[in-house]
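Just so you know, all these numbers are worked out from the coordinates, no wet-lab data involved. All values derive from a computational prediction rather than experimental measurement. Note: ideal-geometry Cβ built from the backbone for every residue, glycine included; neighbour counts use all protein chains shown.
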Amino acid sequence: MHIPDGYLSPSTCAVMYAGAAPFWLVALRRVQAMLHARYVPLLSLFSAFSFVVMMFNLPLPGGTTGHAVGMGVAAVVLGPWGAILAISLALAIQAVLFGDGGITAYGANCFNMAVVGSLTAWAVYRLISGRSALGSPRRAVAAALGGYLAINVSALCAAVEFGIQPRWFHDANGVPLYAPYPLAVAVPAMLIGHLTFAGLAEGILSGGVVRYLQRADPALLRTTAPENATDPLQPQPAGGWRTVRPLWIALAVLMIATPLGLLAAGTAWGEWGVEDFSNPEARQHIAAASAQVAPPDAVPSGLERLASLWTAPMPDYAPAFLKSRSLGYILSAMFGVGSILLAWLAAGWAARRLRGSHNRPPSATLV
Amino acid sequence: MGRQTFAWFTQPPAVGDPRLSKAAGFLERNVVALAKTLDHAARADETARRRGLLQKLDPRAKCVGIFAWILAAAATSRLAVVGTIFALAVALAVLSAVPVRTSLGRVWTGVLVFTGSIALPALFLTPGAPVCRIPLLEWNVTAPGLLAATRLVGRAETTATLAALLVLTTPWTHLLKALRTLRVPKTAVVILGMTHRYLFLLLGLARDYFEARRSRQVGRLDNAQRRHAATATAGVLLGRSLALSDEVFMAMRARGFRGEVHLLQDARFRTRDGLALAAFVAVAALGLL
Amino acid sequence: MKEWRLLYELRDLTYRYPEVTALDSVTLDIAPGERIAVLGANGSGKSTLLRVLAGLSFPNVGSVRFDGTELTEDTLAGETFAFAFRRQVALIFQNPDVQLFNPTVFDEVAFGPLQLRWPRGEIVERVQLALRQMEIEHLKNRAPHRLSGGEKKRVSLASVLVLDPDVLLLDEPTAALDPQSQSQMIDFLAENHGAKTIITATHDLPVVGDIADRCVVFDAGRVAADGRPDAILHDEALLLRAHLLYRHRHRHASGVVHSHPHLPGPHRHD
């Protein structure tokens with residue numbers, strides 16, 4: 001998951017730095033505002049903790065071990081903004097001091113793991129844990145699922161970054177300059193490894209730590225629990241809306257634009273069709289690249305139906321790869337989530353406009 | 001994806017490694033992993049304090065110069081340029097008393113195992129004219145596949161060597177000083193410094209927790225118990241980290257800290273640092289021409 | 001004519017943590033230049049008292065005044081008073097890993113003066129002086145995690161002495177030190193430091209006579225006794241009540257009261 005230097009083109013790296021930067025800024029501003037001076041030692045110690053936990057061997061079912069990134073634990077204890085900063089700092093030390101993850105790819109690694117990972121882990125944790133009690137088993141399950149999904153969404157981001165490399169960065173003869181596998185190979189290869197091993201490690205760590213804290217130190221779980229809406233580290237929806245809104249809009253636009261961009265740019269794709277999936281030889285290679293787990297030979301039927309949402313309205317001139325189901329379901333999911341986000345943002349905006357025009361205090365209108 | 005480059009060897013041996021059989025237990029493996037991480041950092045610090053060419057340079061010149069080379073190695077489309085930068089990096093390592101065979105050798109094997117295994121399928125999967133055929137398996141190695149795989153491995157090896165060269169010739173505190181003057185926000189530099197400082201404390205604590213658990217352990221743990229041991233250790237460590245952060249905050253406040261950090265800047269950039277930086281950048285620019 | 005001023009005035013001061021009451025209606029006066037040993041078993045409220053005196057924790061009930069000004073979050077929010085107070089009052093934490101949070105020894109010692117915005121030139125000069133004073137110049141560029149326990153304690157001292165404070169608050173300064181470092185620390189505290197007020201929290205009775213002219217005994221958050229060291233140290237019943245003495249149950253010393261200042265011996269238990 002830690003992308004080394006040389007896998008992504010410098011321009012991709014620059015875009016990823018640019019993608020992570022606004023999140024760093026907003027996170028820093030919010031954490032500063034909420035914690036005042038205290039954030040300096042808190043982030044330092046938590047980043048050090050995240051780094052140490054990344055070193056742990058976590059036993060997985062079946063006798064193997066794996067490593068976690070710790071974004072699940074960070075998001076549950078610190079909330080998403082603190083987690084973004086803490087994980088970014090831990091990744092910086094890993095990259096510089098231990099060569100784990102590249103320096104040019106640092107922005108990409110932060111975007112995938114610290115930003116997308118923390119936000120996903122936190123959203124899933126909050127969604128599933130709901131208003132359950134601090135000691136409720138539901139919280140442990142929510143944290144485990146949050147960690148599991150977070151690492152997989154991070155892996156998907158990394159896979160997309162890998163996958164677009166051969167399309168956009170190749171020499172005159174079409175030979176890839178950076179990561180050589182197209183989306184149709186990179187996405188399943190990354191996801192298979194993470195849906196199984198890395199995801200489990202993250203899930204086990206997040207769930208296990210929450211279960212431990214429930215018994216030993218439940219106060220640490222209070223920060224991100226809804227009962228305590230004024231707690232310093234928790235984002236406050238009302239006041240903080242303005243700083244976060246641009247991020248959500250950017251995310252929604254990115255999610256919608258990516259599949260469309262591929263569609264627009266994709267006419268020359270396809271040297272490596274998705275037929276690779278049914279080709280036993282190629283499947284074996286993909287399996288080797290993804291920790292000896294064979295890729296699925298057929299796309300599950302539910303996803304197939306979902307994918308048709310995407311492929312159905314595709315015009316005939318669309319490149320073949322866009323009609324592939326495995327890619328199609330991912331792209332349509334992205335498109336769908338992006339659209340929902342935008343709709344939600346628009347509804348929120350409209351609601352506030354309406355409310356604002358009726359309930360504005362008289363003094364404000366006079367001034 | 002796993003881990004790579006020099007961290008590769010701070011990781012414990014994989015399951016089934018004869019040096020540490022599974023029966024020796026997973027607690028030991030965690031103790032070993034944490035101890036090795038501490039050891040690795042100590043060794044890097046030791047090399048960084050030797051007398052050598054790069055050690056004499058201002059850390060700012062080194063940071064910017066090496067970063068320029070990493071960028072050049074990442075941006076060029078010519079393998080020859082990547083190869084030249086790699087050779088220059090090795091030459092600098094020799095001149096800087098960096099143990100090439102042990103320190104850099106580790107980096108190289110790590111990258112080869114990790115990136116190599118990722119690049120391998122590309123040899124066969126990339127469409128193009130076949131160069132040779134693997135007997136028995138009947139797979140074709142294609143020319144574009146060979147080129148793409150070499151590019152990936154070459155770039156990864158070169159950039160990893162450069163990054164290693166920077167840490168192996170620059171003590172962490174000098175790196176922090178360089179960041180201060182390279183317009184990285186002060187707060188970020190202070191937090192990075194504190195993170196690094198407490199990293200050692202927490203690594204040591206985690207190792208001790210695993211050690212303590214091991215000393216009380218009779219017989220083998222089953223898988224669920226191991227998981228429990230690992231996550232409980234993480235939980236204890238988390239509680240300790242947060243308690244420490246409260247105390248450290250008090251210690252900072254007691255000495256006048258009010259949220260904004262103030263640092264000493266000692267900016268002494270000598271002519272030779274300027275020349276070295278110019279040389280670094282010139283090589284990078286040449287490579288990109 | 002200027003009347004005799006008190007340095008600290010604590011009035012009915014109570015400090016509660018969510019689960020326990022650490023200080024319970026404490027009333028205490030401290031005059032400038034006093035050398036006080038705050039005695040008490042673990043959990044008796046000594047550390048909390050030092051944090052209150054250092055303006056880091058604030059009482060739930062009652063008040064604490066420093067040189068006439070009440071210490072509250074609000075008074076310490078003002079820069080002028082905060083800077084003057086932080087320079088005058090220095091706290092040395094029991095755990096040096098808490099006290100030493102900077103990347104190098106030099107940065108550590110320079111931290112206080114930098115936060116108080118001293119002029120650059122003066123900072124470098126004062127830091128050198130403090131390093132020389134504690135005989136740790138050779139450790140200047142070391143990282144704190146590479147220091148021994150005794151070295152860490154000396155760096156801690158240098159990091160606050162650089163500010164030339166008038167009040168020195170020390171939390172268990174001899175805990176977890178080897179005998180040599182321990183005796184160096186006691187020598188330092190026993191030296192004449194001019195008009196400095198030195199308040200030491202400890203449960204190490206044999207050193208009290210050397211480092212203090214006054215003893216305040218704490219038991220469960222309350223002041224159990226306040227007086228001259230020789231009087232307090234001879235009050236066996238008081239010390240037993242405050243858990244500062246104990247009777248050995250094992251055979252080496254059955255019936256002998258240990259940790260007594262007049263029976264120092266090599267087998268001190270602390």
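Partner shielding of A:170-177 amounts to 6, given as the average count of beta-carbon atoms from other chains within 10 Å of each residue beta-carbon. About the centre of its Cα atoms, chain B shows a dipole size close to 500 debye [charges on the beta carbon of Lys, Arg (+1) and Asp, Glu (-1) only; nearest 20 debye].
Tell me what chain B gives for mean residue ellipticity at 222 nm when only DSSP H runs of n ≥ 4 count, each as -39,500 (n - 2.57), the sum divided by the residue total, rounded to 500 deg cm²/dmol. My calculation for chain B gives -23500 deg cm²/dmol from helical runs alone. Of the trypsin sites (Lys or Arg not before Pro) in segment A:83-164, the ones in a loop by DSSP (not H, G, I, E or B) with at most 16 other beta carbons within 10 Å are A:ARG131. With the cut-off at 1.5 for a/c, could you classify segment B:18-148 from its C-alpha gyration tensor as rounded, prolate or oblate? Since a/c reaches 1.5 but b/c is at least a/b, the shape of segment B:18-148 is classed as oblate. Dimensions of chain B based on its C-alpha atoms, expressed as ranges along the principal axes with the largest first, amount to 64, 59, 31 Å.
If you plug the beta carbon distance of C:ARG65 and C:ARG117 into 1/(1 + (r/R0)^6) with R0 = 25 Å, you get a FRET efficiency near 0.45. Across peptide B:156-163, the average count of Cβ atoms from other chains found within 10 Å of a residue's Cβ is 5. The longest stretch of chain B left intact once loop-based GluC sites (Glu not before Pro) with at most 12 other Cβ atoms within 10 Å are removed from consideration, loops following DSSP, is B:1-137.
Against the empirical 2.2 N^0.38 Å (N residues), segment C:102-210 has a Cα radius of gyration ratio of 1.08. Applying both filters, DSSP loop and at most 12 other Cβ atoms within 10 Å, to the trypsin sites (Lys or Arg not before Pro) of segment C:54-125 gives C:ARG117. For the residues of C:110-117, the average number of beta carbons from a partner chain within 10 Å of their own beta carbon is 6. Within segment C:121-165, which trypsin sites (Lys or Arg not before Pro) sit in a loop by DSSP and count at most 16 neighbouring Cβ atoms inside 10 Å? Answer in residue order: C:LYS140. Give the longest segment of chain B that steers clear of trypsin sites (Lys or Arg not before Pro) in DSSP loops with at most 15 neighbouring Cβ atoms within 10 Å, not counting the sites themselves. With trypsin sites (Lys or Arg not before Pro) excluded where exposed in loops, chain B gives B:79-182 as its longest stretch. Just check segment C:8-253 against the gyration tensor rule for me: Cα atoms, a ≥ b ≥ c as the square roots of the eigenvalues, rounded for a/c under 1.5, and otherwise prolate or oblate depending on whether a/b exceeds b/c. Oblate.
Applying the Kirkwood pairwise sum to the alpha-carbon positions of segment C:1-68 produces a hydrodynamic radius of 12.7 angstrom. The orientation-averaged projected area of the convex hull spanned by the Cα atoms of segment A:37-109 comes to 5.6 nm². Is segment A:1-235 rounded, prolate or oblate when judged by the Cα gyration tensor, a ≥ b ≥ c being the square roots of its eigenvalues, rounded requiring a/c under 1.5 and prolate requiring a/b larger than b/c? Here segment A:1-235 falls in the prolate category.
Pairs over the 27 Å Cα-Cα cut-off, from the set B:LYS62/C:LYS140; B:LYS36/B:LYS186; C:LYS46/C:LYS153; C:LYS46/C:LYS152: B:LYS36/B:LYS186. Need the C-alpha centroid separation for segment C:1-78 versus segment B:208-278, integer Å. Spelled out, the Cα-based centre of one part sits 32 Å from the other.
Here, segment B:189-289 has an Rg and a Dmax of 23.2, 65 Å when only alpha carbons are counted. Split chain C at each of the chymotrypsin sites (Phe, Trp or Tyr not before Pro) in a DSSP loop with at most 15 other beta carbon atoms within 10 Å, and the longest piece is C:5-245. Put the Cα centre of segment C:140-203 next to the Cα centre of segment A:104-133 and the gap is 44 Å.
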